[in-house]
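Below is one structure; the comments refer to it alone.
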């Protein structure tokens, strides 16, 4: 056996031969652990796709309907209302899509029968129950382009701001 091996064996034996001191008393206290979960929500949308509007035949007397979605994901217990603005081309309280120099009026609704306009504020935003979990929730936006509008052939569009209040 070489010299370093003997030294290791001697020191190893010494360490094993030393007894640990006995602990006869103890003391304890509480350790406080805390975290804060803030209410938080995110909101995404899919476009209201109306398709082709035919003011001469198909939509001369029949409105054109389309749907889109608003998806909200909130902290459990958060979320109270979804607001939809009037859009970038509104005239007063009338929503309009622009297509060059013409405007195509439309409306957004909260229900399938298209009787409850979806707007902003306590009276016109869509009230939602507090989130039961952090899972995303999807809300359908029901759109309608009024029948019989006299507009030029063009691509019409608008941008509406969707907001979740929590």
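The values are calculated or read from the model by the stated rules, or taken from the named source; none is laboratory data. Model, not experiment: these values are computed from the prediction. All Cβ positions, even for glycine, are placed from backbone atoms using ideal geometry, and neighbour counts span all protein chains on display.
A compact table of results
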| read-out | value |
| --- | --- |
| Exclusive hit being under 30 Å from residue 155 (Cα atoms) and at pLDDT 95 or above, set 27, 60 | 60 |
| Which numbered condition residue 152 fails, given (1) surrounded by 17 or more Cβ atoms within 10 Å (Cβ to Cβ); (2) in a loop (DSSP other than H, G, I, E, B); (3) modelled with pLDDT of 95 or more | (1) |
| Residue 69 touching a residue at least 12 places away in the same chain (Cβ under 8 Å), under 14 Å from residue 163 (Cβ atoms), in contact with a strand residue (DSSP E or B) (Cβ under 7 Å, 6 or more places away or on another chain) and surrounded by fewer than 18 Cβ atoms within 10 Å (Cβ to Cβ) | no |
| Single residue of region 79-97 satisfying the filter (at pLDDT 95 or above and assigned to a loop (DSSP other than H, G, I, E, B)) that is surrounded by the fewest Cβ atoms within 10 Å (Cβ to Cβ) | 92 |
| Filter result (in a loop (DSSP other than H, G, I, E, B), in contact (Cβ under 8 Å) with a residue 12 or more places away in the chain and touching a strand residue (DSSP E or B) at 6+ places or on another chain (Cβ under 9 Å)) within region 98-128 | 110, 111, 112, 114, 118, 119, 120, 125, 128 |
| Hits in region 30-56 (condition: closer than 30 Å to residue 153 by Cβ and either exposed (fewer than 10 other Cβ atoms within 10 Å of the Cβ) or touching a residue at least 60 places away in the same chain (Cβ under 8 Å) (or both)) | 45, 48, 49, 50, 51, 52, 53, 55, 56 |
| Residue in region 126-149 that is farthest from the chain's Cα centre (by Cα), counting only those that are more than 15 Å from residue 69 (Cβ to Cβ) and surrounded by 17 or more Cβ atoms within 10 Å (Cβ to Cβ) | 149 |
| Residue 48 being assigned to a loop (DSSP other than H, G, I, E, B), within 46 Å of the chain's Cα centre (by Cα), over 30 Å from residue 140 (Cβ atoms) and at pLDDT 95 or above | no |
